[in-house]
1. Output the residue which, of all residues in the stretch 48-57 that are free of Cβ contacts under 8 Å to residues at least 40 places away in the same chain and surrounded by 15 or more Cβ atoms within 10 Å (Cβ to Cβ), is farthest from residue 7 (Cα to Cα).
2. Restricting the search to the stretch 96-107, which residues are out of contact with any Phe, Trp or Tyr (no Cβ under 8 Å at 6 or more places or on another chain) and in a strand (DSSP E or B)?
3. How about the stretch 16-95: which strands (runs of 3 or more DSSP E) wholly inside it have at least 1 residues that are farther than 25 Å from residue 132 by Cα and at pLDDT 95 or above?
Amino acid sequence: MEEIVSRANERIKQAAFLAERREREQKRRFCFEGVHLLEEYLKSGKTPCEVFVTREALQKYGAVFAPCAGVVTLVSESVYSRLSAERAPQGIFCVAEYLDNVKENTVPPAGSVILESVRDAGNLGGMIRTAAALGINCVAVTRDCADIYSYKTVRASMGALFTSEIVVLDDAVSAVDAMVSSGKNVYAACLYGETRVLGTFPISKEDSFVFGNEGAGISGPLASACTSRVIIPMSGRTESLNVAAASAVIMWEMVRCRE
């Protein structure tokens, strides 16, 4: 197998450029690292465009590469260091096409989670992972959320991004209006206004929840479009939770209380 040993190699340069959002959007490709993410990507029925591996990784994980043998390229450790964003890399760097399970501006189905202006990629990926783990099929995100294809989002999702239904919204208020107009409940998880306490009212499998920005929470117009506002009962020692933690509590309640 041919080995790329030059950090100036054009294929390596193009793969490294995918660290930038503008490059990802222009080429409609993204990247991810590690054996687990590669395994999850292959389980989803997809094949990467390119897989760059070190000699050590090829020897250690050889069987993993069988389904994508035609796109595997050996690279030196020096070359791999130009691609990697990991502190302890496993020597597997993948380039893939944008995902076909990511949709644009469709009304989210009943029972969805809707995220507005969640800017931290770790939070975004973690929330997608939590939703998938609990069997919530769709996560809708507003356009100003962290990039779903960023390295940190993909890594935090731990492969859930590859199979979850993702909807990217330009106008979350209109989407929620459409859901409510069709007779579905959409609850805003927020600390202001007239609120209901989580656990004191029934939640059906068709009810959806909205979560907002890490600092500002849900915007006024979006909260007003929702059926009602919901708070998590707290001990009083703190007034709020991190959005990822709050969403995990509420998503568990969504699943536990489904009728």
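1. Ranking the candidates gives 57 first.
2. 97, 102, 103, 104
3. 50-53, 72-75
Yes or no, residue by residue, for (1) within 30 Å of residue 247 (Cα to Cα); (2) assigned by TED's automatic domain parsing to the domain that holds residue 243; (3) crowded, with 16+ Cβ neighbours inside 10 Å; (4) out of contact with any Phe, Trp or Tyr (no Cβ under 6 Å at 6 or more places or on another chain):
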| position | (1), (2), (3), (4) |
| --- | --- |
| 60 | no, no, no, yes |
| 81 | no, no, no, yes |
| 85 | yes, no, no, no |
| 90 | no, no, yes, yes |
| 93 | no, no, yes, no |
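The values are calculated or read from the model by the stated rules, or taken from the named source; none is laboratory data. Just so it is clear, the structure is predicted and the values come from calculations on it, not from any experiment. Because the Cβ atoms are built from the backbone with ideal geometry, glycine has one as well, and the counts that use them run over all protein chains shown.
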